[in-house]
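Colleague: Have a look at the structure that comes next, please.
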Amino acid sequence: MTKAEVEALPVEAVLDLHGLTASAALEALTRFFQDASARGLAKVLVIHGKGHHSEGEPVLRKTVLKFLETSPSAGRHGTANRRQGGRGAVWVMVRKDSQRSR
């Protein structure tokens, strides 16, 4: 599937992490992706914000990207389009059970 085809797929669920700490965000991400995988969703959106209210550098973006690299339920991902949050959000393809071993 090309990047354009992936980006054209509809977002089936959204997780907004605004205001959460890094540890609370990790818990929310874990639950969200377990549920999305169990429900057979194909594409989701995670809103982490741009870090304008963070002390120092944005924390949640790094937390989300690290989670996506290690989660068995998270597959291909990329920066959301402007309507969906741009650099403050990421779309993610959800892996099905059969894809977890890859």
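Read-outs: derived from the displayed coordinates by stated rules, not from any lab. Only a predicted model underlies this, so the values are computations on that prediction, with no experimental measurement involved. Because the Cβ atoms are built from the backbone with ideal geometry, glycine has one as well, and the counts that use them run over all protein chains shown.
Colleague: Assuming 0.36 nm per residue, please report the length gained on full extension of the stretch Lys96 to Thr21 beyond their Cα-Cα distance.
Modeller: 24.2 nm
Colleague: Sticking with this structure for a sec: Once you keep just the Cα pairs under 8 angstrom separated by 6 or more residues, what percentage relative contact order results for the stretch 3-99?
Modeller: Averaging sequence separation for qualifying contacts and normalising by length gives 31 percent for the stretch 3-99.
Colleague: While we're here: Rank by packing, highest mean first: peptides 85-92, 15-22, with packing defined as the count of other Cβ atoms within 10 Å averaged across residues.
Modeller: 85-92, 15-22
Colleague: Would you work out the Kirkwood radius for the stretch 3-99? I mean one over the mean of 1/r across all pairs of different Cα atoms, in Å.
Modeller: With all distinct Cα pairs of the stretch 3-99 included, I get 13.4 Å.
Colleague: Kindly work out what percent of the DSSP beta bridges joining two residues of the chain are antiparallel, to the nearest 5.
Modeller: 75
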